[in-house]
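As structure tokens, the structure follows; a few thoughts come after it.
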Amino acid sequence: AIDCKAYLAKTLRQTLQHLQMLENTNCVDEGELYFYRLVLLHEAMHAEAAIYRAQALGLAIKNAPTVATLNLQQTQIVIDAQQIMLGSVAADGFCFDNELQARQINLTAFSIDGQAVTWAQYLPFVEATNRAYPRYVQRAINGYEALFFGHLQPLDMHAAAVHLTWQDAADWCAWAGRRLPTEAEWECAAMQKSAFKWGDVWEWTASKFVPYDGFVAHPYLDYSAPWFGTRMVLRGACGATLPIMRHPKYRNYFMPDRNDIYAGFRSCG
């Protein structure tokens with residue numbers, strides 16, 4: 001462990017020295033900087049994944065992420081029929097390959113929850129359908145308890161429901177007479193409506209992770225292409241997501257049966 005930390009420190013010093021040299025000599029090459037940015041963001045992903053693993057193992061960590069308490073009442077945001085630009089263009093700054101090739105698409109009018117579905121909304125479905133309780137949640141005598149990082153605590157019923165699979169989200173929507181938003185609907189609402197609250201949990205969408213038309217793989221060939229068609233898209237962020245990773249066009253994607261990630265959902269009417 002000591003050797004590993006020493007190697008990481010040495011690599012970091014060398015990287016910063018090289019970047020400083022580029023800045024001092026005005027020799028910044030955007031193509032070269034791409035790889036630095038890619039590594040920085042990829043490291044942020046692994047830092048978040050390490051938190052998932054720590055919770056799964058019941059390990060205590062400092063400043064463990066929490067899920068914020070949301071509004072008592074779920075609000076509905078109405079979106080008019082319109083044409084939107086889905087995805088990003090290179091001029092937006094660093095983009096992962098699966099976000100590029102932005103295109104115009106037509107959306108019909110829809111309404112969408114102003115925030116993620118809370119435990120107060122989700123758990124009645126569990127009780128009514130005799131469904132297994134979500135990961136880390138159990139029924140106690142006087143309510144519900146959550147086991148987070150090895151510690152039991154009362155479950156905040158007004159926090160976003162979390163550690164749900166895609167099927168959990170889809171089944172709740174069917175039970176409630178709702179549906180999951182597509183990633184285009186989610187992106188449209190997040191980009192246009194200040195009342196659209198996101199960032200408490202990753203949010204499952206109805207969209208399968210597929211390439212945008214004209215997809216071109218970046219040099220890290222295994223980042224997107226091998227996973228097309230087998231994952232579902234999540235949008236947003238969670239308490240374990242570093243600020244550098246938070247933007248409303250970022251496409252996260254996981255297998256639909258994963259419940260270790262900080263994933264919840266919102267619904268559409």
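Please give the per residue accessible area of the stretch 1-139, computed with a probe of 1.4 Å over protein heavy atoms only, in Å².
Details: 8670 Å² over 139 residues.
Dividing the accessible area of the stretch 1-139 by its residue count gives 62 Å².
Principal axes first, then extents: for the Cα atoms of the stretch 1-128, list largest minus smallest coordinate on each axis, whole Å, largest first.
Ordered largest first, the stretch 1-128 gives principal extents of 59, 45, 21 Å.
At a 1.4 Å probe, what is the % contribution of carbon and sulfur to the accessible area of the stretch 43-164? Before the final figure, lay out the partial values.
Numbers: 3430 of 6440 Å².
Roughly 53 percent of what the probe reaches on the stretch 43-164 is carbon or sulfur.
Match the structure shown to one of the listed values [x] 37.9; [y] 13.5; [z] 16.6 of mean projected area of the Cα convex hull in nm², computed from it, and give that label.
Of the listed options [x] 37.9; [y] 13.5; [z] 16.6, [z] comes from this structure.
Going Cα to Cα from residue 62, which lysines come in below 20 Å? Please leave out same-chain ones fewer than 8 positions away.
Result set, ordered by chain and number: 5.
How big is the dipole moment of the stretch 67-131 about its Cα centre under a simple scheme where the beta carbon of each Lys and Arg is +1, that of each Asp and Glu is -1, and everything else is neutral? Debye, nearest 20, please. Could the numbers behind the result be given before it?
Details: 2 positive and 6 negative charges, 29 e Å.
Approximately 140 debye in magnitude.
Along the charge dipole of the stretch 1-144, which of 122, 74, 47 sits closest to the positive end, that is, farthest toward it, with unit charges on the beta carbon of Lys, Arg, Asp and Glu (+1, +1, -1, -1)?
122
How large is ³J(HN,Hα) for each residue in the stretch 242-259, as worked out from phi by the Karplus curve 6.51 cos²θ - 1.76 cosθ + 1.60 (θ = phi - 60°), to whole Hz, x for Gly and Pro?
5, x, 5, 9, 8, 7, x, 9, 5, 9, 8, 7, 9, 4, x, 8, 6, 10
Using +1 at the Cβ of each Lys and Arg and -1 at the Cβ of each Asp and Glu in the chain, identify which of 109, 1, 94 lies farthest towards the dipole's positive end.
It is 1.
Could you order the peptides 32-38, 203-209, 170-176, 5-11 from most to least packed, using the average number of other C-beta atoms within 10 Å per residue?
Details: 32-38: 13.6, 203-209: 23.3, 170-176: 17.1, 5-11: 9.9.
For the peptides 32-38, 203-209, 170-176, 5-11, the packing ranking is 203-209, 170-176, 32-38, 5-11.
Where the centre of each part is set by its Cα atoms, how far does the stretch 5-66 sit from the stretch 137-194, in angstrom?
If we compute the Cα centre of each part, the gap is 30 Å.
Could you order the peptides 242-251, 158-167 from most to least packed, using the average number of other C-beta atoms within 10 Å per residue? Please list the in-between numbers first.
Details: 242-251: 15.3, 158-167: 22.5.
Descending mean neighbour count gives 158-167, 242-251.
Counting only residues 5 or more places away or on other chains, whose amide H sits under 5 Å from the amide H of residue 75 once H atoms are built in the peptide plane?
For residue 75, whose amide H was placed from the backbone, the distant partners under 5 Å are 114, 115.
Find which of 134, 148, 198 sits farthest along the positive direction of the dipole of the stretch 120-269, computed with +1 on the beta-carbon of Lys and Arg, -1 on that of Asp and Glu, about the Cα centre.
Comparing the listed Cα positions along the dipole, 198 ranks first.
Order 121-129, 62-70 from most to least packed using the mean count of other Cβ atoms within 10 Å. Don't jump to the answer; show the numbers that get you there.
On the way: 121-129: 16.1, 62-70: 13.8.
Output ranking for 121-129, 62-70: 121-129, 62-70.
Give me the dipole magnitude in Debye, nearest 20, for the chain about the Cα centre, with unit charges on the beta carbon: positive for Lys and Arg, negative for Asp and Glu. Could you put the intermediate results ahead of the total?
Values: 22 positive and 26 negative charges, 98 e Å.
Dipole magnitude for the chain comes out near 480 debye.
For residue 197, list the lysines whose Cα falls under 17 Å from its own Cα; do not include residues on the same chain fewer than 8 positions away.
In chain and number order, the partners are 249.
The values are calculated or read from the model by the stated rules, or taken from the named source; none is laboratory data. Remember, predicted model here, so these are calculated numbers, not experimental data. Note that each Cβ is placed from the backbone with ideal geometry, even for glycine, and that neighbours are counted across all protein chains shown. With ligands, DNA and RNA removed, areas are computed over all heavy atoms of the protein, side chains included. Shrake-Rupley method; radii C 1.70, N 1.55, O 1.52, S 1.80 Å.
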